Structure formats: C-alpha cells, structure tokens
C-alpha cells in the first residue's frame, strides 16, 4: 500500500504492556507517556489505573496538549487482583465489578471514552458462567453510561499456559455482545492478533465471526510452541522474535483482513494498537520502535 497507513487507521500503543513497570499504577508513567506524546506516529495511548492523582492530571494534560486520545484497560486490574467477572460466588463477582467501576471512574476523571475488560476463568458451568458475565457487563455498562463511556470485552485464550478465560472464542464473545447490546448498543468486542493463535482461530475467520461487534483491534505476537520460551503463553513478545508466531508476514495478513472487512479504511480510521512487551534484557523504547518499523513494512506489503 503506497498511501499512508495513518489515512486508514489510528495507531495506538498499550502503554502498560510496553512499560510493564507501570502496570500496577506506579512507576515512570508520566515520563514514558510524555515521551510517547512527542511521537506523531501514535494517536492513541491505552493506559490503566494510575494511583497518584497528580500523575493522572499530568498524563491527561500531556495527552490533551499532544492531541493524543486515551483509552483505559481494566485488564491489569482484574488479572492483577485475580478478580473474575463471571465467578460463581456472588461476593467474589461483586468485588470484580467494584474494581472495574473504580477504573471506570478514574477513566472518567481523565476524559477517557472507552474501557476494556476481559472475562474471568473458564468454568465447567459454561452457560451459567456466560450469564453471570453478561450480568456483570450490564452493570458495568450501566455505570459507564453515566459518564458517557463505552465498555468493550477483549477475547482471550482458553489454554492452561495462557490466561484460560471463559471468553474465549470469538463465537462466544459475539453471543455475549449480542446480549449486552440489547441494553447498551455501543458495547463491542476487542480482538487481539496476539491472542488469535492461542485461541486456535484464523485471522479472517475470527474477524468475519465478530462482524460489526468488532470495535477495537490490537496487533502483536505470542509464543506457544516451546514451554521454555521466555515469552511462552500470552506475553506479547516483539514481532518476529525467534520461536514466536507473528512477524511482518502475519501482520500484513492481519491488516489485509481488517481492510477487507472494512474495519480500517479512509472512511473508518479505527484504532489499531500495538500490544508488545519487552522480554528480559530488552529495552522498552527499542521494542516500541521495532514495532513501528514492523507496521510500516507490513503496510507496504498490503
């Protein structure tokens, strides 16, 4: 493709994955956000909770000055707290909902319009667990709507060496989304290129299955063939790292599918965010720069 990729998509970065020391809400959040805001390649930064109110103010102001949109990922809140939106125990489920509600409130404080979540663990009572998840999501959407915020559900793997989440397959995710949309039509799904190999799904099939429920996309990589690999499972290594699944070739294929499906295009510059994480000994800024180069090269081949 000779035209600028920025004419077809809004390129983002999952900040807390690229700089994992910030995932718990502390660390060099302001410094790294300020650095990214000076890079015109990125139009979107996806952050998670920031524990310090002054840091939240600085991040919001920096992004407003730079014209960068913020998104909010509640996944670290749920995963870090071993919280489960479809837990069979009502009290445990309530704690998960309350934690995300707090995240939604923080997102509102920062002027963020979209919050992403994930389902809880795989459960033997699948149908009942999906109903519990839908109930939790409806409650979250009710609260988010008071702030004008949309909620999206990200699909994850169901393998023991990954996240082992209830949702799960794109087909099940669509079933959940259809139920939530009856009350909250703005609800939708996030598909992650990194997760699809772990889910056992082909890019084209998953995106076709998602249809108009797909409202957010991540691009990245995974390692799933060698248990000794330092990024084995759902750990988002850089594109093309030895022993991993997704490089420039696969990224090219994913972009073609997004283009053919109408998710990206001149009339629909939707978000496509990198989710990459440095492995031990790797430099976060170098991994981010390498990801940008991979996307530029993949776009040339589309």
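From the list 276, 272, 257, the one residue that fits, being within 16 Å of the chain's Cα centre (by Cα) and not in a loop (DSSP other than H, G, I, E, B), is 272. Is one or more of the residues making up the stretch 30-43 buried (at least 18 other Cβ atoms within 10 Å of the Cβ), outside any helix (DSSP H, G or I) and modelled with pLDDT of 95 or more? Yes: the stretch 30-43 contains one or more residues that are buried (at least 18 other Cβ atoms within 10 Å of the Cβ), outside any helix (DSSP H, G or I) and modelled with pLDDT of 95 or more. Consider residue 173 carefully, then state whether it is under 17 Å from residue 118 (Cα atoms), in contact with a helix residue (DSSP H, G or I) (Cβ under 6 Å, 6 or more places away or on another chain) and assigned to a helix (DSSP H, G or I). Against the criterion (under 17 Å from residue 118 (Cα atoms), in contact with a helix residue (DSSP H, G or I) (Cβ under 6 Å, 6 or more places away or on another chain) and assigned to a helix (DSSP H, G or I)), residue 173 does not qualify. All conditions in (1) assigned to a helix (DSSP H, G or I); (2) over 18 Å from the mean Cα position of the chain (by Cα); (3) over 20 Å from residue 130 (Cβ atoms) hold for residue 207, with the sole exception of (2). Screening 231, 223, 173, 217 for residues that are surrounded by fewer than 23 Cβ atoms within 10 Å (Cβ to Cβ) and in contact (Cβ under 8 Å) with a residue 12 or more places away in the chain leaves exactly one candidate, 231. Here the stretch 61-116 is the region considered, the condition is being assigned to a helix (DSSP H, G or I) and in contact (Cβ under 8 Å) with a residue 60 or more places away in the chain, and the residue that is surrounded by the fewest Cβ atoms within 10 Å (Cβ to Cβ) is 79.
Annotation: residue 150 fulfils all but one of (1) buried (at least 23 other Cβ atoms within 10 Å of the Cβ); (2) touching a residue at least 60 places away in the same chain (Cβ under 8 Å); the unmet one is (1). When residue 129 is tested against (1) within 22 Å of residue 210 (Cα to Cα); (2) buried (at least 21 other Cβ atoms within 10 Å of the Cβ); (3) touching a strand residue (DSSP E or B) at 6+ places or on another chain (Cβ under 8 Å), only condition (3) is not met. Selection over the stretch 245-276 of residues that are closer than 23 Å to residue 69 by Cα and either out of contact with any helix residue (DSSP H, G or I) (no Cβ under 7 Å at 6 or more places or on another chain) or surrounded by 23 or more Cβ atoms within 10 Å (Cβ to Cβ) (or both) gives a count of 16.
Just one of the listed residues (237, 242) is crowded, with 20+ Cβ neighbours inside 10 Å and outside any strand (DSSP E or B), and it is 237. The residues of the stretch 202-214 that are out of contact with any helix residue (DSSP H, G or I) (no Cβ under 6 Å at 6 or more places or on another chain) and surrounded by fewer than 20 Cβ atoms within 10 Å (Cβ to Cβ), listed by number, are 202, 205, 208, 211, 212.
Screening the stretch 117-140 for residues that are modelled with pLDDT of 95 or more and assigned to a loop (DSSP other than H, G, I, E, B) and picking the one that is nearest to residue 173 (Cα to Cα) gives 119.
The values are calculated or read from the model by the stated rules, or taken from the named source; none is laboratory data. This is a predicted model, so every value here is computed, not measured. Counting neighbours? That spans all protein chains shown, and the Cβs are built from the backbone with ideal geometry, glycine included.
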